[in-house]
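A.B. asks: Dumping the structure here so I can ask a few things about it.
The values are calculated or read from the model by the stated rules, or taken from the named source; none is laboratory data. Model, not experiment: these values are computed from the prediction. Neighbour counts are summed over all protein chains in view; Cβ atoms, including those assigned to glycine, are modelled from backbone coordinates with ideal geometry. We work out accessible area using only protein heavy atoms, side chains counted, and drop any ligands, DNA or RNA first. Shrake-Rupley method; radii C 1.70, N 1.55, O 1.52, S 1.80 Å.
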Amino acid sequence: MRKRFMGVMLAAVLATSLVACSKGTKKAEEVSSKNTAITAEEYAGTIKTNADIYKKYVNIDSASYMNREIELDTSAYTVTDDAVETQIQTLLEQLKETQQVTEGETKENDVINLDYSGKLDGVAFQGGTATSVSYTVGSGQFITDLDQGLIGLQVGQTYDIPCTFPSDYSSSDLAGKSVIFTVKVNYIEKEIIPELTDSFVAENASTLGYEGCTTVDELRTAVKASLETQAQNSLVQAKASAVYKLATDGLEVNDYPEDELNQLLDTLNKNIETEYNTYGSYYGITDLETYIKTVYGFENQDAFNDYATDYAKTYLLEKMVYTIIAADNDITVTADEINDQGAQLASQYGYDDYNAILSEYGNEMNAEIGYNCLYANVAKFLSDNCTLA
C-alpha cells in the first residue's frame, strides 16, 4: 500500500501549483521560496533568491558533490538489439485486432464465446443457462468438469458435457449433483498482431509514434535512438542520485522554510482528500481516516500526517540542495525550457496548449515547472562531474 501512496504523493508534488497555490504576484519585499505567480521569463531570477533563503537552513560546499567517485552498474543502461525488438513487439501489440474465428478446435487458454444450458435430471436449473458468454478455457472460473470439457470442441457444434458439482459447492441444491451442460462454442477470439512490413510501417508510423519512418529498418533505427535517449536520461538520473546521496550523507539541516513546507503539506492533504472524495464510495468508505487506513495501511490519521511531513521534508531538502548547487554554479533555466515542458504537460493532460493550463490554474505553474527543469539541469551537471569507480 505504501508504494501506491508514494506514487500519489509524487504526483501531488509535481502538481503543487494545480491545487494549492495562492493567486496574485508576490510583492518584491516579501521574501519567500513558495511558488508564486511569475512568467516563464522571470523564473531564472528566482533561483539565487531562493538559494539565499535555503542557505539559512542547510550548508553544502562544492567538495561534497564535485568530482565524486560513485559505484554504479551501467549495464542496465545499454540498449541491446533484443530490447529494440521487444519494444517493436510492444508497439505492434498496441495495434492488435480481435478476430472472431468460426471454425477450428478449442484448446486451453483460448478465449471463446459460447452458449450453455445446464440441466439436473433433465430440468434446467437456476443460473445454469446463458448465451454469448466470453470465457477463457482452462481458467477455472467454471466448475472443473465444465472447464476441462470445453477443451477440444469444434466451433459451431453442440455438445453435451457430463459434469459433477463439487460437494462443497455454494448452492446446496447442486452440491455433489451430476448434471449435463449442453454447450455450443460460437467462435474463438483470436488476437491478430500486425505483421511488421515496410508497407505497415509506412501506413502506421504516426500511430506508432515514429512519424516519418517508411521502412522496417528506419523504424528499428528510430526505436533504438529513442531507447538510447531514455537510457541516457535514466543514467544521468542514476548518477545524479548517487552523487546526491554522497553529498547529503550526514548533512546537517537546521530547519525548513515554514511557508513552503506548509504549502507542500497543504497540497498533499488536499490531494488525499480529493482522492477520497472521488474513490471513497467505491470502497464503501464514508470518512477520510478510514480511507487512509484501508487503502494505504496507515494506523490512523496521525500516522499519515507523520508520513506526509517526512515526505515533504525529504522533497524540500532535495529542492534546497539542488537550488543551492544551481545558484553556486550558474545553472539556470530558460523560458523556452519551461514552455516546452509546459507544452508536454498540456499534451499529456489533454489541454490545447500550455497557455490553457496557465489560464486555468495561474502563473504559479511556471514556478513549479521551472523547478522541474532546474532539477533536470542540475542532475545533468552532477552526472557530468562525477566518475565511476
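A.B. asks: Within the range 94-112, does at least one residue satisfy the condition of being farther than 13 Å from I188 by Cα, part of a strand (DSSP E or B), open to solvent by 40 Å² or more (accessible area, probe 1.4 Å) and in contact with a Phe, Trp or Tyr (Cβ under 8 Å, 6 or more places away or on another chain)?
C.D. replies: Kept after step one, since they are farther than 13 Å from I188 by Cα, are these residues of the range 94-112: 94-97.
Then keep just the ones that are part of a strand (DSSP E or B); that gives 97.
Next cut, open to solvent by 40 Å² or more (accessible area, probe 1.4 Å) only: 97.
Checking which are in contact with a Phe, Trp or Tyr (Cβ under 8 Å, 6 or more places away or on another chain) leaves us with none.
Scanning the range 94-112, I find no residue that is farther than 13 Å from I188 by Cα, part of a strand (DSSP E or B), open to solvent by 40 Å² or more (accessible area, probe 1.4 Å) and in contact with a Phe, Trp or Tyr (Cβ under 8 Å, 6 or more places away or on another chain), so the answer is no.
A.B. asks: Here's a follow-up. Tally up the residues in the range 331-373 that are part of a loop (DSSP other than H, G, I, E, B) and open to solvent by 10 Å² or more (accessible area, probe 1.4 Å), please.
C.D. replies: 10
A.B. asks: Another question, then. Collect the residues in the range 213-268 that are of a type in the set (A, V, I, L, M, F, W, C), part of a helix (DSSP H, G or I) and more than 30 Å from A202 (Cα to Cα), keeping them in residue-number order. Walk me through it before giving the result.
C.D. replies: Filtering the range 213-268 down to residues of a type in the set (A, V, I, L, M, F, W, C) leaves 213, 216, 219, 222-223, 225, 227, 231, 235-236, 238, 240, 242-243, 246-247, 251, 253, 261, 264-265, 268.
Those left that are additionally part of a helix (DSSP H, G or I): 216, 219, 222-223, 225, 227, 231, 235-236, 238, 240, 242-243, 246-247, 261, 264-265, 268.
The answer is L235, V236, A238, A240, A242, V243, L246, A247, L261, L264, L265, L268.
A.B. asks: For the range 245-289, give me each residue that is in contact with a strand residue (DSSP E or B) (Cβ under 8 Å, 6 or more places away or on another chain) and either surrounded by 14 or more Cβ atoms within 10 Å (Cβ to Cβ) or among the aliphatic types (A, V, I, L, M) (or both). Walk me through how you get there before you give the answer.
C.D. replies: Taking the range 245-289 as the starting set, the residues that turn out to be in contact with a strand residue (DSSP E or B) (Cβ under 8 Å, 6 or more places away or on another chain) are 246-247, 251-254.
The answer is L246, A247, L251, V253.
A.B. asks: While we're looking at this one, here's another question. Looking at the structure I just gave you, is T294 at pLDDT 95 or above and surrounded by fewer than 19 Cβ atoms within 10 Å (Cβ to Cβ)?
C.D. replies: no
A.B. asks: Testing F304 on (1) closer than 30 Å to V321 by Cα; (2) in a loop (DSSP other than H, G, I, E, B), one condition comes back false. Which one is that?
C.D. replies: That leaves (2) as the condition not met.
A.B. asks: Contact list please: Cβ distance under 8 Å, first residue in the range 19-45 and modelled with pLDDT of 90 or more, second residue basic (K, R), pairs at least six apart or on different chains.
C.D. replies: A37/K23; A37/K26
A.B. asks: Right, next: Return the only residue of A242, A205 being surrounded by 16 or more Cβ atoms within 10 Å (Cβ to Cβ), in contact (Cβ under 8 Å) with a residue 12 or more places away in the chain and within 27 Å of S383 (Cβ to Cβ).
C.D. replies: A242
A.B. asks: Any chance the range 187-209 includes a residue that's within 17 Å of G118 (Cα to Cα) and among the aliphatic types (A, V, I, L, M)?
C.D. replies: No, the range 187-209 contains no residue that is within 17 Å of G118 (Cα to Cα) and among the aliphatic types (A, V, I, L, M).
A.B. asks: Is there a residue in the range 166-179 that is in contact (Cβ under 8 Å) with a residue 60 or more places away in the chain, open to solvent by 50 Å² or more (accessible area, probe 1.4 Å) and either within 30 Å of V123 (Cα to Cα) or of a type in the set (G, A, S) (or both)?
C.D. replies: no
A.B. asks: Out of curiosity, is I151 open to solvent by 70 Å² or more (accessible area, probe 1.4 Å) and aliphatic (A, V, I, L, M)?
C.D. replies: no
A.B. asks: Shifting gears a bit: Has the range 156-165 got at least one residue that is of a type in the set (A, V, I, L, M), under 40 Å from the mean Cα position of the chain (by Cα) and surrounded by 12 or more Cβ atoms within 10 Å (Cβ to Cβ)?
C.D. replies: no
A.B. asks: E318: over 23 Å from Y65 (Cα atoms) and of a type outside the set (A, V, I, L, M, F, W, C), yes or no?
C.D. replies: No, not satisfied.
A.B. asks: Output the number of residues of the range 116-171 satisfying the condition of being assigned to a strand (DSSP E or B), of a type in the set (A, V, I, L, M) and closer than 20 Å to N186 by Cβ.
C.D. replies: Count: 4.
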